[in-house]
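> This is the structure I want to talk about, given as structure tokens.
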Amino acid sequence: MIFFLTKGLLRDKYRSLFPLIVVTAGVALIVLLQAWIDGATGNMIENTARFKTGHVRVTTQASAKQSRHIPIDLSLTEVEHWLSILRDRHSSLYWKARTRFGGILDFPDEKGETSAQGPVVGLAVDLLSSDGMERNNLNLKNALIDGRLPRNPGEILVSDLFFKKLNLRLGQSATLISTDMEGGMAVHNFTVVGSINFGIQALDRGAILTDLTDVQQALNMIDASSEILGYFKGGFYQKDDALHIAKTFNLQFQNFEDLFSPVMKTMREQDELGKMYDLYESMTFLVIAAFVFIMAIVLWNTGLMSGMRRYGELGVRMALGESQGRIYRSLLAESLIIGVAGSFLGTLLALIPAYYLQVYGIDVSQMIQSNQGVLLSNVMRAQVTPLSFFIGFIPGVFATFLGALISGFGIYKRQTAELFKELET
Amino acid sequence: MSGEPIISIHHLNKKFPMAGGNFYALSQINLSFQTAEFAGLVGPSGSGKTTLLNLIGTLDRASEGEIKILGKELGQLSTKEAAEMRMKVLGFIFQTHNLLPIYTVYENVELPLLLLKWQASDRHKAVMKTLDWVGLTDKVKSRPPQLSGGQCQRAAIARVMVKGPGIVLADEPTANLDAENSHSVLQTMKRLNQELKTTFLFSTHDEKVIRYLDRKITLEDGKIIEDEIQNK
Ligand SMILES: Nc1ncnc2c1ncn2[C@@H]1O[C@H](COP(=O)(O)OP(=O)(O)OP(=O)(O)O)[C@@H](O)[C@H]1O
Ligand SMILES: [Mg+2]
């Protein structure tokens, strides 16, 4: 009988084509949208992790309470000790210390007088070590616009926008004026060896990238840093593992009495990120729910229209002894065939552009005016995940089925005799 | 005539609710039919012929009285049991052939057997044999729009006969056919009636049909006014 119904679907374009187009289009949109939202979220997670939160982050409890800028005097001490403990116990992650600081960068001329000056935020990472991890993490090779990466102590990179705005030259010396860990004034000389594009507007406006050891000297931070970041060696954030590692670490080392004792937080626990991702998830859910609703309504009407066109057929089948219930079930079976075919087609159709957007992305730097808190990359990409293969598929089949369920009910409710009236004429 | 009737009708009334009271489309019908009868309901338009056929065909329900088919009282059947009665015992032929246009002649005739869940090989044998009876073996792969009116009506007869129903209800089966096709269709039905002992019950105005009938039942205003045996 299924074969008989399928033949009918294939031969009667009105019965199959329009619903198929609706399902295919709806499913394609869901899949594409989801891949896009997922890509944007994934992009954000990746960027935020690389620049800010790590997959997990260790700071002093005092720093953890600060939401934005971390004062240098709340830094973590005995960094080497903590690093060796972390590397020892949690070898599934890379561990790296970083320091964030702020200050004024002053560029003197030949006579030693200020020729240019500007406020900067600074990021001090392990730039010089041979493992190259942080250089990879921050994608420095690609980000470099002019000059070269630092090879020696005392060399820094500045953001390209800042570099151009202040008319800087490569090899120019720069003086950082800031506060040290004890609260005293700190002055330290650097050499600008290159300019980079962070791809993040918040940093591009005025940021410097220095080696960690230099900054420890400059700011009088002996064996201290703002934070220790952990990155999963596989490259992807693993929610459950991260939570487990943080819990284990905190159970052992967190001392609520001592504000300078360390605490580990997963990236989701930091800032507003957790809420943000929850928002994205519920947004995806809402979008899908809306699509299912609209599709079901359209398919319901399509079902009614095709049901009306088919009163003759349904009447004949009833005369041949099919019960109304059986006819209803066969209409549902037809809808399942269309739902599965349309959802399959729609998924396939969407994966092609989604994959394209994953590889090439769209540059959105023009659209972003300012961004605080979360760091965004300028190129937004879609992401095809295992979820893409059924996130549209299941709602597509469901909506088709739902549409047939409602429209079929109308036909089901009609009296047998009335169906036969249509046969008389 | 003798033996247990295949159809028996007692004190049957059918009323339709109308503005200002009920309208009786059938009143006090008493009738019975034996196996292999070739009978017809005749009478003016609106006399209740179709209404009676629909009641016997389980497509509608009686208001009062009873109809029994093979001893089963139709009023007692659930919708599912009524559907089963249509599937196994009854066959309908309408004024229009009502073949499904997107299916071939073969597929149209095969449909009742699909519903009865016959085996594929049995289906094939039965369909080919029936199409041979009605003389349509060369149109197996054609679709209804490609056939003439007479051929369509013969295909519709094949669709009814393929499962060997006990009773065939035919509502004005020749109304859309010319004289020549009417005769060929009626001859086919008559032959099936004699060879398979199928009971035929017609509703008709058509003199050509009336001449073929063994029994002519005349209705007027929902009442039987005459019931006569002819041709014997
Ligand atoms: N569903 C209904 N509601 C109300 N009245 C109906 C209904 N069906 C039939 N009738 C009435 O019952 C009467 C008998 O109708 P029926 O269709 O049985 O006539 P008929 O003998 O088949 O006529 P014809 O030869 O024109 O086909 C008619 O007056 C018709 O208007
Ligand atoms: Mg009639």
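> Just how large is the dipole of region B:105-173 about the Cα centre, in debye to the nearest 20, putting +1 at every Lys and Arg Cβ and -1 at every Asp and Glu Cβ?
Here the size comes out at about 220 debye.
> Same structure, new question: So if I take the centroid of the Cα atoms in region A:281-322 and the same for region A:251-276, what is the distance between those two points in Å?
52 Å
> Right, here's the next one. Please find the FRET efficiency linking A:Asn167 to A:Val359, where r is the Cβ-Cβ separation and R0 is fixed at 41 Å, and quote it to the nearest 0.05.
The computed FRET efficiency comes out at 0.65.
> Let me ask another. Projected area of region A:94-227, taken from the Cα convex hull and averaged over every viewing direction, in nm²?
Working: hull surface 31.2 nm².
With every direction weighted equally, the projected area is 7.8 nm².
> Would you mind getting me the FRET efficiency between A:Asn142 and A:Asn255? Use the beta-carbon distance for r and R0 = 30 Å, nearest 0.05.
With R0 = 30 Å, the Cβ-Cβ based efficiency is 0.10.
> While we're on this one: If you bin every alpha carbon distance in chain B into 10 Å steps from zero, what whole percent lands in each bin?
8, 32, 36, 20, 4, 0
> Straight-line reach from A:Lys96: which aspartates and glutamates have a Cα under 17 Å away, not including same-chain ones fewer than 8 places off?
Cross-link targets: A:Glu46, A:Glu78, A:Glu80, A:Asp88, A:Asp126, A:Asp131, A:Glu134, A:Asp211, A:Asp214, A:Asp223, A:Glu227.
> What part of the accessible area of the protein assembly as shown, given as a whole %, is carbon or sulfur when the probe is 1.4 angstrom?
Summing carbon and sulfur atoms, their accessible area is 56 percent of the total for the protein assembly as shown.
> What angle, in degrees between 0 and 90 and rounded to the nearest 10, separates the Cα long axis of helix B:120-133 from the longest principal axis of the Cα atoms of chain B?
So the inclination is approximately 80 degrees.
> Still on this structure, please answer the following. Long-range amide H contacts for B:Thr218: which residues qualify at under 5 Å (H placed 1.01 Å from N, peptide plane, sequence gap of 5 or more or a different chain)?
B:Val42, B:Ile225, B:Glu226, B:Asp227, B:Glu228
> Each label point is 7 Å from the Cα along the Cα-to-Cβ direction; what then is the distance between the points at B:His11 and A:Ile352, in nm?
7.3 nm
> Next question, about the same structure. If contacts are Cα pairs under 8 angstrom and at least 6 residues apart, what is the relative contact order of chain A in percent?
Values: 727 pairs, mean separation 116.1, N = 425.
Relative contact order comes out at 27 percent.
> Same structure, new question: List the relative contact order of region A:94-227 as a percent without decimals, with contacts defined as Cα pairs under 8 Å and 6+ residues apart.
On the way: 285 pairs, mean separation 44.0, N = 134.
This gives 33 percent for region A:94-227.
> Could you name the lysines in cross-link range of B:Lys190, using Cα to Cα under 19 Å and dropping any fewer than eight places away on the same chain?
Within the straight-line cut-off, B:Lys190 pairs with B:Lys129, B:Lys163, B:Lys208, B:Lys216, B:Lys232.
> Can you tell me the relative contact order of region B:72-171? Whole percent, Cα pairs under 8 Å, sequence separation 6 or more.
46 percent
> Each residue of region A:252-264 in order: what ³J(HN,Hα) in whole Hz does its phi give by Karplus 6.51 cos²θ - 1.76 cosθ + 1.60, θ = phi - 60°, with x for Gly and Pro?
Each residue of region A:252-264 in turn: 8, 10, 6, 10, 5, 6, 10, 5, 9, 7, x, 9, 10 Hz.
> Can you give the convex hull volume of the alpha carbon atoms of region A:1-153 per residue, in Å³?
Enclosed volume per residue, from the Cα hull, is 283 Å³.
> Which pairs break 19 Å Cα to Cα here: B:Lys49/B:Lys197; A:Lys7/B:Lys141; B:Lys197/B:Lys223; A:Lys7/A:Lys413; B:Lys88/B:Lys197?
Flagged as over cut-off: B:Lys49/B:Lys197; B:Lys197/B:Lys223; A:Lys7/A:Lys413.
> Between A:Ser282 and A:Arg329, what length in nm is gained on full extension when 0.36 nm per residue of separation is reduced by their alpha carbon distance?
13.5 nm
> At 1.4 Å probe radius, can you tell me the per residue accessible area of chain B in Å²?
Result: 44 Å² per residue.
> Starting from the residue with the highest accessible area, list B:Glu228, B:Glu73, A:Glu313 in decreasing order, probe 1.4 Å.
On the way: B:Glu228 60, B:Glu73 35, A:Glu313 15 Å².
Output order, biggest surface exposure first: B:Glu228, B:Glu73, A:Glu313.
> Just to confirm, what accessible area per residue do you get for chain A at 1.4 Å probe, in whole Å²?
That works out to 48 Å² for each residue.
> Okay, moving on. Roughly how large is the B-A contact in terms of buried accessible area, totalled over both chains, probe 1.4 Å, nearest 100 Å²?
What B and A bury together is about 2400 Å².
> Within 10 Å of each Cβ in B:82-88, how many Cβ atoms from other chains are there, averaged over the peptide?
Values: counts 4, 11, 2, 1, 7, 7, 1.
Rounded to a whole number, the mean comes out at 5.
> Still on this model: Select from region B:92-127 all residues whose loss of accessible area on going from the chain by itself to the full protein assembly reaches 40 Å² or more (probe 1.4 Å).
SASA drop of 40 Å² or more in region B:92-127: B:Phe94, B:Asn98, B:Leu100, B:Ile102, B:Tyr103, B:Glu107, B:Leu111, B:Leu114, B:Leu115.
> Can you tell me the 0 to 90 degree angle between the C-alpha axis of helix B:105-115 and the longest principal axis of chain B, rounded to 10?
Between the helix axis and the principal axis of chain B, the angle is about 60 degrees.
> Residues in region B:165-203 near a label at B:Glu228, defined as backbone nitrogen under 19 Å from the 7 Å Cα→Cβ point?
Of the residues in region B:165-203, B:202-203 have backbone N under 19 Å from the label point off B:Glu228.
> Hey, with R₀ at 51 Å, roughly what FRET efficiency would A:Met308 and B:Ala36 work out to, going by the Cβ-Cβ distance, to 0.05?
0.80
> Please report, in cubic angstrom per residue, the volume enclosed by the convex hull of the alpha-carbon atoms of chain A.
Output value, Cα hull per residue: 171 Å³.
> Related question: Enumerate the calculated ³J(HN,Hα) couplings along region B:160-165 in order (Karplus 6.51 cos²θ - 1.76 cosθ + 1.60, θ = phi - 60°), each rounded to whole Hz, writing x wherever the residue is Gly or Pro.
These are the phi-based 3J(HN,Hα) values: 6, 7, 4, 8, x, x Hz.
The values are calculated or read from the model by the stated rules, or taken from the named source; none is laboratory data. Because the structure is predicted, anything quoted here is derived from the model rather than measured. Using ideal geometry, Cβ is built from the backbone for each residue, glycine included, and neighbour counts are taken over all protein chains shown. What goes into the accessible areas is simple: the full protein's heavy atoms, side chains included, and nothing from ligands, DNA or RNA. Shrake-Rupley method; radii C 1.70, N 1.55, O 1.52, S 1.80 Å.
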